Amino acid sequence: MTHAERVAAWLLAILWLSPLLYAFWAAFHPPAFATTFDPLAPLTLANFEKAWGYAPFPRHFLNTVILVTMVLAAQLVLCTLAAFAFARFDFAGRDVAFALVLLQLMIMPEVLIVENYRTMARLGLVDTILGIGLPYMASAFGIFLLRQTFKTIPRELEEAARVEGCSWLGVLWRVYVPLARPTYLAYALVSVSYHWNNFLWPLIVTNSVNTRPLTVGLAIFGAPESGVDWSVISAGTLMAVAPLLVAFLLFQRQFMQSFMQAGIK
Amino acid sequence: MRHVYGWLLLTPAAILLVAFTHYPAVATLAESFFSTGTAVRPSRFVGLDNYAALAADPVFWQVLRNNFWFALGTIPTSIALALLMALWVNGRLPARALVRMAYFTPTVLPMIAVANLWLYFYTPQIGLLDKVAAMFGAGSHNWLGSPDTVMGCLIAMTIWKEAGFFMIFYLAALQTLPPELGEAARIEGASRWYFFRRVTFPLLMPTTLFVLVNATINSFKLVDHLFILTKGGPDNASNLLLYYIYQVAFSFFDVAYAATLTVILLFMLGIFAVVQFQLIERRVHYR
């Protein structure tokens, strides 16, 4: 690699980080310094305080945490059971059923907003956190990923456990689930990131502060017509992305690997 | 017994999948043949009337064109950048991990937050872009408010958001290439550019095709930023198909027409899925 290329790689890295760095600058300085880069400008936390007060951030945080946890917990259970069925039971109609499951990789729930909203209205789940999460709980991606992993586990392990008197569910719980730990971790990271960041469907199905997750709260708060000044918007945006950003900085390698698996499917 | 167990294990997931994927897909198709019902006039079968309306709807054709330009503006550039990033990060670079982190960071941010950050660059007068323009003596420009520049603004932001994500696929592919190839080329005295053009790039072709299809699908699903930046405006200059569906369904309350538009979107996603499937088949064949 030539010297010029190294410099270019570095410049691109700085360019890529600059929108975020700029948001940090604006968030930690008084609004008067938001657009003037004076290294001696006083630091302040007032913007965070204001942002926290302007929008019901604590509530949005709580909603997002509940949503993400609920969706992940349900996904882990449902996808494990379904993946186990596909990997180890030769039941009638298995291949057709699997093809139908994979269809969801193409038709994500957010494409079918009109009909899904109607379904939620019929179920009385409009404006509930369960309503945001329910369409995502049976995840084709999760089923696919776990099925792949389960298939690589040697049958002998399972037979040994059966001989010891383990039931089917016991085999799943004691043999398959522990051996698939890395897959679960990768899946969990992708699922949490996805639902922490998801916007369109939560926007449609919620209409009150008590159910809106962070992204929807942030959109209302950051909209130009809200009249909030730039420094406060930066502070609010940083607060909303902070948990995920910190997690990413701590577990970079794991994040990149998981995202890659999610992409390749 | 295995039939019973198999289906029992599958049932909970199957119910939800049918309820939120298969049923709504079929219902959408059915809905597109009916009129939107109102209190006085209930919904009735209208055959292909909605599709005729669609063909005559200038906004529909415009959002389709916009989608095309959005895809064409974002995909080739972000793929080229992703490849360049991967080559750099894969090479001998001081503080490599830090550079890789910088490239990838936009991927973990929600599109809404990204739009919030970038809104500032594009704001007239106080925005960064206008400040830079002022330094060169240019006047203020309403970047997001003018039909000529709005698409370019969205494209630049999307490239920033996506290039790092595509980079990791190239990075993984590069790491599977045998190092002997590079050594052999060096002994033969091949230039780096020649080696890239004749060896690396062709070997990365499956990755490029894979990223290409994924990026195309993404370009149809990615509309969150429109809610913050433009709301599809000015005068639909930045409107995209999925956002238009949202508007028709939840602002104009024309459910039947929204269903018709959804059928078109599903049709496109279906075509891409078939292409993707064929690519995966081919890749398996190569191995």
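Is there a quick way to get the dipole size of the protein assembly as shown? I mean about its Cα centre, with the Cβ of Lys and Arg at +1 and of Asp and Glu at -1; what is the value in debye to the nearest 20?
Details: 34 positive and 27 negative charges, 229 e Å.
With Lys and Arg at +1 and Asp and Glu at -1, about 1100 debye.
May I ask you to sort B:SER146, A:SER231, A:SER139 by Cβ crowding, counting other Cβ atoms within 10 Å and putting the fewest first? Working shown, then result.
Details: B:SER146 13, A:SER231 26, A:SER139 30.
Sorted ascending by nearby Cβ count, the order is B:SER146, A:SER231, A:SER139.
Shielding by partners for B:97-104, please: the mean number of other protein chain Cβ atoms within 10 Å of each residue's Cβ. Could you put the intermediate results ahead of the total?
Values: counts 2, 4, 8, 4, 8, 11, 5, 6.
Average neighbour count from other chains, rounded to a whole number: 6.
Take each uninterrupted DSSP H stretch in chain B, measure its Cα extent along the helix axis, and return the ones at 20 Å or beyond whose mean Kyte-Doolittle hydropathy is at least 1.0. If you can, show how the numbers build up before the last one.
Working: long enough: B:2-17 (22 Å, 1.17); B:58-90 (47 Å, 1.06); B:150-176 (40 Å, 1.39); B:205-221 (24 Å, 0.85); B:255-286 (46 Å, 1.37).
The answer, listed by residue number, is B:2-17, B:58-90, B:150-176, B:255-286.
Step through the residues of segment A:152-164 one at a time and calculate ³J(HN,Hα) from phi using the Karplus curve (6.51 cos²θ - 1.76 cosθ + 1.60, θ = phi - 60°), rounding each to whole Hz and writing x for Gly and Pro.
7, 7, x, 4, 4, 4, 5, 5, 4, 5, 5, 4, 5
What do you get for the angle between helix A:140-151 and the principal long axis of chain A? Use alpha-carbon atoms, 0 to 90 degrees, nearest ten.
For A:140-151 against chain A, the angle is about 50 degrees.
If you average the alpha carbon positions of segment A:1-15 and of segment A:79-157, how far apart do those two centres end up, in angstrom?
A separation of 44 Å, based on Cα centres.
With Rg and the Kirkwood Rh both taken from Cα atoms, where does Rg over Rh land for segment A:115-256? Mind dumping the intermediate values first?
Working: Rg = 20.7 Å, Rh = 18.5 Å.
Radius of gyration relative to Kirkwood radius: 1.12.
Select from B:ALA173, B:ALA13, B:ALA71 the residue whose mean-square fluctuation is largest in a Gaussian network model of chain B (Cα-Cα springs shorter than 10 Å).
B:ALA13
Helix-only estimate, please: 222 nm mean residue ellipticity of chain B, summing -39500 (n - 2.57) across DSSP H runs of length 4 or more and dividing by its residues, to the nearest 500. Before the final figure, lay out each step's value.
Values: 14 runs with 204 residues, N = 287.
Only helices count here, giving -23000 deg cm²/dmol.
Quick one: longest stretch of chain B between exposed loop chymotrypsin sites (Phe, Trp or Tyr not before Pro), exposed meaning at most 13 other C-beta atoms within 10 Å and loop per DSSP?
Details: sites that count: B:PHE136, B:PHE252, B:PHE253.
Counting only loop sites that pass the neighbour cut-off, the longest clear stretch is B:1-135.
Tell me, what HN-Hα J-couplings in whole Hz come from the Karplus equation 6.51 cos²θ - 1.76 cosθ + 1.60 at θ = phi - 60° for each residue of segment B:34-48, using x for Gly and Pro?
Once rounded to whole Hz, the list reads 10, 8, 6, x, 10, 4, 8, 10, x, 5, 9, 5, 10, x, 9.
So what is the relative contact order of chain B, in percent, for Cα pairs below 8 Å that sit 6 or more residues apart? Could you put the intermediate results ahead of the total?
Values: 277 pairs, mean separation 77.5, N = 287.
Averaging sequence separation for qualifying contacts and normalising by length gives 27 percent for chain B.
Helix A:3-28 versus the longest principal axis of chain A: what is the Cα-based angle in degrees, 0 to 90, to the nearest 10?
70 degrees
At a Förster distance of 56 Å, what's the computed FRET efficiency of B:THR149 paired with A:ILE153, Cβ-Cβ distance as r, to 0.05? Mind showing how you got there, number by number?
Details: r = 55 Å, r/R0 = 0.98.
My answer for the efficiency is 0.55.
Which order results if A:LYS151, B:LYS161 are arranged by neighbouring Cβ count within 10 Å, fewest first? Please list the in-between numbers first.
Values: A:LYS151 11, B:LYS161 22.
Ascending Cβ contact count within 10 Å gives the list A:LYS151, B:LYS161.
Round to the nearest 10 and give me the degree value, 0 to 90, for the angle of helix A:113-123's Cα axis relative to the longest principal axis of chain A.
70 degrees
Just grab the label-to-label distance for B:ALA97 and B:ILE271, each label 7 Å out from Cα along the Cβ direction, in nm (one decimal).
Placing both labels 7 Å beyond Cα along the Cβ direction yields 4.6 nm.
Peptide A:90-101: average number of partner chain Cβ atoms within 10 Å per residue?
Numbers: counts 3, 10, 4, 4, 5, 0, 0, 6, 1, 0, 5, 6.
Across A:90-101, the average partner-chain Cβ count within 10 Å equals 4.
If you build a Gaussian network model of chain B, linking Cα atoms that sit under 10 Å apart, which residue out of B:ILE159, B:ILE228, B:ILE271 swings the most?
Answer for the Gaussian network model of chain B: B:ILE271.
Give the average, rounded to an integer, of partner chain Cβ atoms located within 10 angstrom of each Cβ in A:82-89.
Counting Cβ atoms of other protein chains within 10 Å of each residue's Cβ and averaging gives 5.
Could I have the simple spin-label model distance between B:LEU29 and B:ALA184, label points 7 Å from Cα toward Cβ, reported in nm to one decimal?
5.0 nm
Could you pull out the pairs from B:LYS131/B:LYS231; A:LYS50/B:LYS131; A:LYS151/B:LYS161; B:LYS131/B:LYS161 whose alpha carbons sit more than 29 Å apart here? Each step should come with its number before you reach the end.
Working: B:LYS131/B:LYS231 25 Å; A:LYS50/B:LYS131 27 Å; A:LYS151/B:LYS161 35 Å; B:LYS131/B:LYS161 23 Å.
Checking Cα-Cα distances, A:LYS151/B:LYS161 exceed 29 Å.
Using modelled backbone amide H atoms (1.01 Å from N, in-plane), which distant-in-sequence or interchain residues come within less than 5 Å of B:PHE34's amide H?
Here the answer is B:VAL46, since their amide H atoms fall under 5 Å of that of B:PHE34.
Could you tell me the calculated FRET efficiency between A:LEU125 and B:LYS131, based on Cβ-Cβ distance and R0 = 45 angstrom, to the nearest 0.05? Provide the component values of the computation, followed by the final result.
Values: r = 47 Å, r/R0 = 1.05.
In this case the efficiency is close to 0.45.
Dipole magnitude of segment B:59-286 about its Cα centre, charges +1 at Lys/Arg Cβ and -1 at Asp/Glu Cβ only, in debye to the nearest 20?
Numbers: 14 positive and 10 negative charges, 114 e Å.
Here segment B:59-286 has a charge dipole of around 540 debye.
Springs between alpha-carbon pairs under 10 angstrom, Gaussian network model over chain B: which of B:HIS141, B:HIS22, B:HIS225 fluctuates most?
Comparing B:HIS141, B:HIS22, B:HIS225 in the GNM, the peak value goes to B:HIS22.
A short reminder: the numbers here are calculations on the coordinates, not readings from a lab. Here the structure is a predicted model, which means the values were calculated and not measured. Note: ideal-geometry Cβ built from the backbone for every residue, glycine included; neighbour counts use all protein chains shown.
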